Amino acid sequence: MKRRQFNRALAAAAAFSALPGIVKAQAPKLKVGVILPRSGYLGFIGQSCQKGADLAPGVIKEMLGVDVELMNADFESNVDTARTRAERLIQEGAHVLVGPFDSGAAAAIAQVAEQRGVPFVINIAAAPQITEQGYKYVFRNFQTAIDIVRNGLDLIGDLFQATHTVPRTAVYMHVNDTFGQAMTKGIGALLPRRTQLPFKIVDTISYDPAAKDLTVEVSKAKAANADFLLLVCRLNDAIILRREMVKQRWNPMGIVSPGSPGMYEEQYFKALGKLSDYSISNVPWYNPNSKLTKVVEKAFLKQNPKDKLDFHGLNAGFTFEAILIAADAYKRARSTDPKTLADAIRQTNIVDKMSLGGPIKFNEKGQVEGIGSACVQNMNGLPTVVLPQAAAKAKPVFPAPYYKKT
Amino acid sequence: MSLDLVANVVVAGVLTGLLYGLMALGLSVIFGVVRVVNFAHGEMMTVAMYAATVLFAELGLDPFVCVLPVAAAFFVFGYVLQRGLINPFITRPEHSQFMLLVAVAMVLVNALLMVFGPSARTVQVDYQLESFEIGKILVDKARLYAAFAAVITASALFAFFKLTLVGKAIRAAADNHLGALVVGLDVKHLYALTFGLGAVCVAVAGCAMVLLVDVTPPLGPAYTLLAFVIVIVGGLGSMPGALLGGMLIGVSEALAGLLVAPSAKGMFSFGLLILVLLFRPQGLLGKKT
């Protein structure tokens with residue numbers, strides 16, 4: 001080969017090797033690392049959240065014209081795994097992390113995101129301390145445990161008022177994980193100040209969210225002889241607990257969650273059938289009438305023709321919104337540079353959203369304020385909004401009728 | 001705290017413990033004869049639980065009816081596993097046996113994940129939510145039936161080892177391996193039979209357990225650990241010890257949950273294990289070596 005030919009070949013090779021960079025600059029994608037518990041004891045909820053993530057790239061492309069590439073990771077309901085999955089996603093080039101449904105995992109991922117300087121948008125996780133650490137790259141579009149409890153207790157008051165009931169005592173059962181403890185702290189702080197609530201807690205029983213048997217816990221709760229069960233649960237334990245209540249013939253006035261997952265999930269209905277009816281969850285919920293909900297619902301049904309958004313609205317909705325927040329910031333920032341992206345997320349102001357409440361705006365701690373809750377009661381195999389009245393589709397039923405085998 | 005409450009909790013603990021005991025009995029029998037510790041024990045039980053859910057879903061078979069085909073399949077599986085895979089490892093160092101059976105466990109868990117996915121599965125039978133009322137004590141029907149199944153299977157196994165020629169030959173091979181060879185017993189066959197019988201215990205326990213617990217692929221290791229705790233408390237290699245250990249663990253967990261804190265239940269099983277290891281290392285009914 002002559003010197004000129006060699007130089008031409010070298011130049012061509014150099015131009016070819018530079019091509020991917022040019023292509024990348026012309027058609028960039030936002031790489032979103034989605035960390036969810038798709039297996040383990042939170043598996044069902046993680047899969048429900050994943051449905052919201054899966055539909056996000058298509059909907060966001062149409063809404064914002066932004067290309068989103070999902071990098072999915074399963075943290076197997078294990079906090080340590082969540083940490084390593086976050087590390088790996090960042091190593092593999094994720095520009096932003098989204099997830100993880102669980103407070104313990106969220107706290108672990110937040111540390112990784114902060115150390116590595118990669119924005120992390122929390123879809124669902126309520127432990128208040130996550131956004132109290134002064135983190136610069138951590139953002140949460142979900143209520144803190146204190147907000148959940150505050151709204152949840154207010155809705156319990158509304159429930160009693162709407163049903164003209166005055167329960168005097170409650171037995172409080174809760175999971176003993178990070179979320180459960182944060183909720184317990186919130187209830188301990190707020191309940192004594194809610195003087196309009198007529199009941200007092202006569203016994204508190206904590207249990208392992210991965211428990212396979214709750215015989216003892218339910219025996220103890222039944223022995224407290226309380227008017228109703230105040231429950232902070234997850235999904236699998238909620239199913240086990242409800243079955244055990246029937247076995248032990250314990251019929252309190254009702255099961256009311258002041259704000260926890262579990263009882264509005266599809267699997268709760270599938271596993272329990274008619275037994276799932278009348279359980280009440282006061283939780284951050286989605287607005288079925290919003291424009292965005294209708295768009296998301298259409299995409300959801302296209303991807304999951306046999307499913308109903310009613311069962312996944314909370315999980316899929318908040319997961320979708322977390323990815324939307326990242327994509328919206330990316331569109332404004334025009335960069336995947338972590339600091340620029342984090343600054344853009346901080347400036348978020350999304351008015352057309354799925355969840356109840358005001359616009360998505362982060363405060364100086366990276367927390368969205370003003371997300372609304374609804375009192376959701378299971379009726380005829382569907383989670384149904386019964387309060388506030390403005391969003392209600394049915395009237396609340398309390399006390400719940402006794403379960404009878406049909 | 002009322003006596004009724006304590007009685008209810010103790011009864012539930014005893015019934016659950018009997019089922020735990022049956023599961024651990026399989027481990028104890030296998031170790032007592034073959035001298036191999038089955039580290040895939042819990043995973044095998046998970047497979048049995050899945051088998052029961054599949055038979056229930058596809059054919060509508062009650063888990064207690066499933067016991068027959070599942071136990072038969074597990075006997076064959078145990079026999080083949082011992083004869084084909086474990087037998088060459090019997091004379092090898094213990095760490096090789098450990099690695100082999102851990103590998104079997106990993107294969108089983110991942111195969112279940114591939115076939116069934118991570119979601120929990122269960123069965124729903126008519127009597128699952130019903131209870132017997134005996135005075136002020138409520139006895140969960142499914143738990144009671146499961147405990148009966150455990151007692152019947154354990155009794156049949158005791159009878160087999162005590163009364164049949166094959167059972168006696170297995171005990172002879174367990175007592176004196178060289179002597180058994182000298183008198184012309186087919187020790188490899190006897191070992192495989194024993195492993196098959198251990199697998200049958202697991203199969204029965206799995207079919208009954210599925211009435212009490214939803215099954216997921218990662219359930220296995222927890223049950224392997226539980227089986228170990230039970231057989232160490234009861235005495236490794238002792239058949240009555242396994243049942244006694246199961247009941248003790250069941251009752252201690254239940255009482256700890258009631259008297260201390262429900263979330264501290266697991267801690268008490270391990271506390272009991274430490275006590276037994278300190279003061280009676282051979283287990284409650286185990287023989288000193």
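Quick look at the numbers
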quantity: Phi to ³J(HN,Hα) by Karplus 6.51 cos²θ - 1.76 cosθ + 1.60 over the stretch B:33-44, Hz, x for Gly, Pro; calculated: 9, 7, 6, 10, 8, 7, 7, 9, 5, x, 5, 4
quantity: Rounded tilt (10° steps) of B:94-116 against the dominant C-alpha axis of chain B; calculated: 50
quantity: Across A:LYS302/A:LYS339; A:LYS200/A:LYS395; A:LYS222/A:LYS365; A:LYS212/A:LYS395; A:LYS31/A:LYS136, pairs whose alpha-carbon gap is larger than 30 Å; calculated: A:LYS302/A:LYS339; A:LYS222/A:LYS365; A:LYS212/A:LYS395
quantity: Debye-sum result for the stretch A:344-406 in log10 I(q)/I(0), which assumes one identical scatterer on each alpha carbon, at q = 0.18, 0.20, 0.22 Å⁻¹; calculated: -0.75, -0.83, -0.91
quantity: Distance between the stretch B:155-174 and the stretch B:63-119 - C-alpha centres, whole angstrom; calculated: 23
quantity: Alpha carbon centroid spacing (whole Å) that separates the stretch B:1-44 from the stretch B:125-147; calculated: 19
quantity: Peptides ranked, highest mean first, by Cβ atoms within 10 Å: ranges A:212-223, B:120-131; calculated: A:212-223, B:120-131
quantity: More than 17 Å apart - percent of Cα-Cα pairs taken over the stretch A:180-238; calculated: 46
quantity: Estimated dipole of the protein assembly as shown in Debye, rounded to 20 [Cβ of Lys and Arg +1, of Asp and Glu -1, Cα centre]; calculated: 1220
quantity: Alpha-carbon Rg/Rh ratio, for chain B, with Rh computed the Kirkwood way; calculated: 0.97
quantity: Against the rule of thumb 2.2 N^0.38 Å, how large the Cα Rg of the stretch A:186-306 comes out; calculated: 1.24
quantity: The stretch B:1-90: Cα Rg divided by the 2.2 N^0.38 Å rule of thumb; calculated: 1.40
quantity: Debye intensity ratio in log₁₀ form over the Cα atoms of the stretch B:101-142, taken at each q of 0.15, 0.26 Å⁻¹; calculated: -0.61, -0.86
quantity: Rounded FRET efficiency, nearest 0.05, which uses the C-beta distance separating A:LYS395 from A:LEU301 and R0 of 25 Å; calculated: 0.35
quantity: Cα-Cα over 22 Å, subset of A:LYS308/A:LYS331; A:LYS274/A:LYS294; A:LYS306/A:LYS353; A:LYS29/A:LYS61; calculated: A:LYS308/A:LYS331; A:LYS274/A:LYS294; A:LYS306/A:LYS353
quantity: Binned Cα-Cα distance frequencies in the stretch B:131-265 - 5 Å width, integer %; calculated: 2, 8, 13, 19, 19, 15, 9, 6, 4, 2, 1, 0
quantity: Taking the convex hull of Cα positions in the stretch A:78-136, its mean projected area over all directions (nm²); calculated: 3.4
quantity: Length-normalised contact order of the stretch A:25-133 in % [C-alpha pairs under 8 Å, at least 6 apart]; calculated: 29
quantity: Where labels lie 7 Å past Cα in the beta-carbon direction, separation of A:TYR402 and B:PHE158 in nm; calculated: 4.1
quantity: Cα-centred dipole magnitude for the stretch A:267-317, charges only on beta-carbon of K, R (+1) and D, E (-1), debye, nearest 20; calculated: 200
quantity: ³J(HN,Hα), Karplus 6.51/-1.76/1.60, whole Hz, each residue of the stretch A:164-180, x for Gly, Pro; calculated: 6, 10, 9, x, 9, 9, 9, 9, 9, 10, 8, 5, 9, 8, 4, 4, x
quantity: The protein assembly as shown: radius of gyration and largest Cα-Cα distance (Dmax), Å; calculated: 28.6, 104
quantity: Between the stretch A:41-73 and the stretch A:369-403, the alpha-carbon center distance in angstrom; calculated: 27
quantity: Label-point separation in nm, A:ASP80 to A:ARG332, each point 7 Å along Cα→Cβ; calculated: 4.0
quantity: For the protein assembly as shown, with +1 on Lys and Arg beta carbons and -1 on Asp and Glu, the positive-most of B:ALA242, A:LEU241, B:VAL37 along the dipole; calculated: B:VAL37
quantity: Using a Förster distance of 60 Å, the FRET efficiency for A:ASN380-B:HIS189 (Cβ separation, nearest 0.05); calculated: 0.50
quantity: Span per principal axis, largest first, for the Cα atoms of chain A (Å); calculated: 95, 43, 38
quantity: Segments B:43-53, B:20-30 sorted - mean Cβ within 10 Å per residue, highest first; calculated: B:20-30, B:43-53
quantity: Cα pair distances exceeding 21 angstrom across the stretch B:27-137, given as percent; calculated: 49
quantity: Whole-angstrom Cα spans of the stretch A:87-229 along principal axes, big to small; calculated: 55, 34, 22
quantity: Estimated inter-spin distance, B:SER119 and B:LEU259, nm [label 7 Å along Cα→Cβ]; calculated: 4.3
quantity: Helix-only [θ]222 nm of the protein assembly as shown, DSSP H runs n ≥ 4, -39500 (n - 2.57) each, per residue, nearest 500; calculated: -18500 deg cm²/dmol
quantity: The stretch B:238-289: translational diffusion in µm²/s, Stokes-Einstein, Kirkwood Rh over Cα pairs, 37 °C, 0.692 mPa s; calculated: 285
quantity: Dipole axis of chain A (+1 Lys, Arg; -1 Asp, Glu on Cβ), positive-most option in A:VAL66, A:GLY370, A:PRO119; calculated: A:VAL66
quantity: Spatially proximal lysines relative to B:LYS287 (Cα-Cα < 24 Å; intrachain offsets below 8 disregarded); calculated: B:LYS162, B:LYS168
quantity: Label-reachable residues, the stretch B:252-279, where backbone N falls under 19 Å from a point 7 Å from A:VAL202's Cα toward its Cβ; calculated: B:258-259
quantity: Computed over the stretch A:247-368, the ratio Rg/Rh where both radii use C-alpha atoms and Rh is Kirkwood; calculated: 1.08
quantity: Under Karplus coefficients 6.51, -1.76 and 1.60, residue-wise ³J(HN,Hα) of the stretch A:74-85 in Hz, glycine/proline x; calculated: 9, 9, 6, 6, 10, 4, 5, 5, 4, 4, 5, 5
quantity: Cβ charges +1 (Lys, Arg) and -1 (Asp, Glu), total dipole of the stretch B:124-193, debye; calculated: 260
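No value in this document is a laboratory result; all are computed from the given coordinates. Note that the structure is predicted; figures quoted are calculated from it, not measured. Don't worry about glycine lacking a Cβ; one is built from the backbone with ideal geometry, like all the others, and counts go over all protein chains shown.
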